[in-house]
Amino acid sequence: MADTTTAGPAILTSSARQEEQRTARLHRAIMLGIAVLLVVAPFVAYPVFIMKVLCFALFALAFNLLLGFGGLLSFGHAAFFGLASYVSAYAAKEWQLTVELSILAGAASAAVLGLVFGAIAIRRQGIYFAMITLALAQMLYFFALQAPGITGGEDGIQSVPRGTLFGVFSLSNDLALYFVVAAIFLAGLMLVYRIVHSPFGQLCKAIRDNEPRAISLGYHIDRYKLLIFVLSATLTGVAGATKAIVFQLASLTDVHWSMSGEVVLMTLVGGLGTVFGPIAGAITIVTMQNYLAPLGAWVTVVQGGIFMLCVLSFREGLVGLVSKLIRRPL
């Protein structure tokens with residue numbers, strides 16, 4: 001009897017470890033499949049459209065890092081996306097920086113803004129946190145609108161040069177730029193995956209699920225909230241800066257509150273709290289916007305209908321539903 005009692009937990013632990021290993025193998029297979037698809041995609045679809053999907057997928061991944069794993073709902077993430085877009089476009093056009101330096105400048109500006117906004121917003125919780133982020137983002141929007149000498153005002157910064165990569169490889173060709181964008185997206189995806197499955201990511205999920213317990217264990221939760229906020233803002237900045245280079249444009253749309261709403265929609269439709277859900281959500285929403293464009297303003301009505309369908313039918317989102325069916329976290 002003693003032997004059986006002693007062996008029970010060991011068998012259970014071994015079973016759990018095997019389950020984790022199977023899940024990890026599945027995730028590696030999915031990432032490999034995504035990489036293969038990215039190599040093939042520009043030869044079967046319009047590269048600029050795919051680049052738009054990848055930019056918004058990275059945006060959604062960054063937002064999901066904050067909401068899905070940090071439990072912090074931000075209505076002002078367009079601020080980081082838009083600021084990085086403006087900085088990247090300005091750096092490429094006015095300072096004649098190469099593509100990688102322009103994108104890094106945009107990401108750095110988003111990180112600094114995220115540190116400032118986060119230090120202010122994390123003092124509150126729930127809807128108050130969300131409203132503070134929205135108010136701060138609106139301040140940035142009105143600055144962009146009222147500073148045409150820097151941002152171009154309602155015209156934005158147009159004709160942004162794509163330039164060269166490392167000062168050597170020209171990116172004027174869509175296909176050449178596509179592979180740069182694909183590499184940035186894959187790097188962002190792997191970074192998010194690493195963060196989520198690190199001890200820091202596990203602690204963030206613990207704070208999300210039971211904040212009082214995390215405090216009782218001695219963790220300074222505000223530090224972790226601020227860190228995940230800054231990480232999310234930085235990745236969002238990478239997405240915004242890359243988007244400005246792809247479309248050679250930075251405009252008020254990038255920093256408008258509706259952009260924050262779109263990324264919330266992408267995350268919820270794809271699957272909140274899943275690693276691959278935001279990618280599916282971005283593909284769904286961007287594809288709808290592209291192919292339903294002839295409907296004009298009715299596109300938002302269709303998006304609202306799909307959102308309600310997801311909430312009522314499968315709250316876990318598209319990938320969350322698949323994850324539930326195969327009994328593996330995605």
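Bear in mind these aren't lab numbers, they're just calculated from the coordinates by the rules spelled out. None of these values were measured; they are calculated from a predicted model. With ideal geometry, Cβ positions are generated from the backbone for all residues, glycine too; neighbour counts draw on all protein chains shown.
Multiply the residue separation of Ala206 and Ala297 by 0.36 nm, subtract the distance between their alpha-carbon atoms, and state the gained length in nm to one decimal.
On the way: separation 91, 0.36 × 91 = 32.76 nm, distance 4.08 nm.
Between Ala206 and Ala297, full extension yields 28.7 nm more.
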Exercise for review: Hand me the GluC sites (Glu not before Pro) from the range 93-178 located in a DSSP loop with no more than 12 other Cβ atoms within 10 Å, in residue order please.
Suggested key: Glu94
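Which is the longest run of the chain containing none of the chymotrypsin sites (Phe, Trp or Tyr not before Pro) found in DSSP loop states (not H, G, I, E, B) with at most 12 other C-beta atoms within 10 Å?
Working: sites that count: Trp95, Phe166.
For chymotrypsin sites (Phe, Trp or Tyr not before Pro) (loop position, at most 12 other Cβ atoms within 10 Å), the longest site-free span of the chain is 167-330.
Checking understanding here: applying a Kyte-Doolittle mean of at least 0.5 and a length along the axis of at least 18 Å (C-alpha), which whole DSSP H helices in the chain pass?
Numbers: long enough: 2-40 (58 Å, 0.34); 47-67 (30 Å, 2.27); 78-93 (22 Å, 0.99); 99-121 (32 Å, 2.00); 126-146 (31 Å, 1.57); 174-196 (33 Å, 2.11); 221-247 (39 Å, 1.23); 257-270 (20 Å, 1.18); 277-291 (21 Å, 0.74); 298-313 (22 Å, 1.84).
Taking the DSSP H segments of the chain (at least 18 Å long, mean hydropathy at least 0.5), we get 47-67, 78-93, 99-121, 126-146, 174-196, 221-247, 257-270, 277-291, 298-313.
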Review point. In whole percent, what relative contact order does the chain give with Cα contacts below 8 Å and a gap of six or more residues?
Key: 30 percent
Review point. Distance in nm between label sites at Gln18 and Leu227, each 7 Å beyond Cα in the beta-carbon direction?
Key: 3.5 nm
Revision key, fill the gap. For the range 31-184, averaging the sequence separation of alpha carbon pairs under 8 Å that lie six or more residues apart and dividing by its residue count, the contact order in percent is 29 percent
Review point. Measuring from centroid to centroid over Cα atoms, what is the spacing of the range 238-269 and the range 78-93 in Å?
Key: 11 Å
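Helix-only estimate, please: 222 nm mean residue ellipticity of the chain, summing -39500 (n - 2.57) across DSSP H runs of length 4 or more and dividing by its residues, to the nearest 500. Could you put the intermediate results ahead of the total?
Values: 14 runs with 246 residues, N = 330.
That calculation yields -25000 deg cm²/dmol at 222 nm.
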Review point. Which aspartates and glutamates have a Cα lying under 14 Å from the Cα of Lys243, excluding residues fewer than 8 positions away in the same chain?
Key: Glu100, Asp174, Asp254
Point to revise | Where labels lie 7 Å past Cα in the beta-carbon direction, separation of Ser170 and Val311 in nm | key: 5.1 nm
Check your understanding: For Lys205, which lysines qualify as cross-link partners when the Cα separation must be under 20 Å and same-chain residues fewer than eight apart are set aside?
Key -> Lys225, Lys324
**Study point:** For Leu249, residues with placed amide H under 5 Å, excluding near neighbours
**Key:** Val160
Review point. In nm, to one decimal, how far is the modelled label at Thr253 from the one at Ser216, with both set 7 Å along Cα→Cβ?
Key: 5.0 nm
Point to revise | Fully extended contour minus Cα-Cα distance, from Lys324 to Met31, at 0.36 nm per residue | key: 103.6 nm
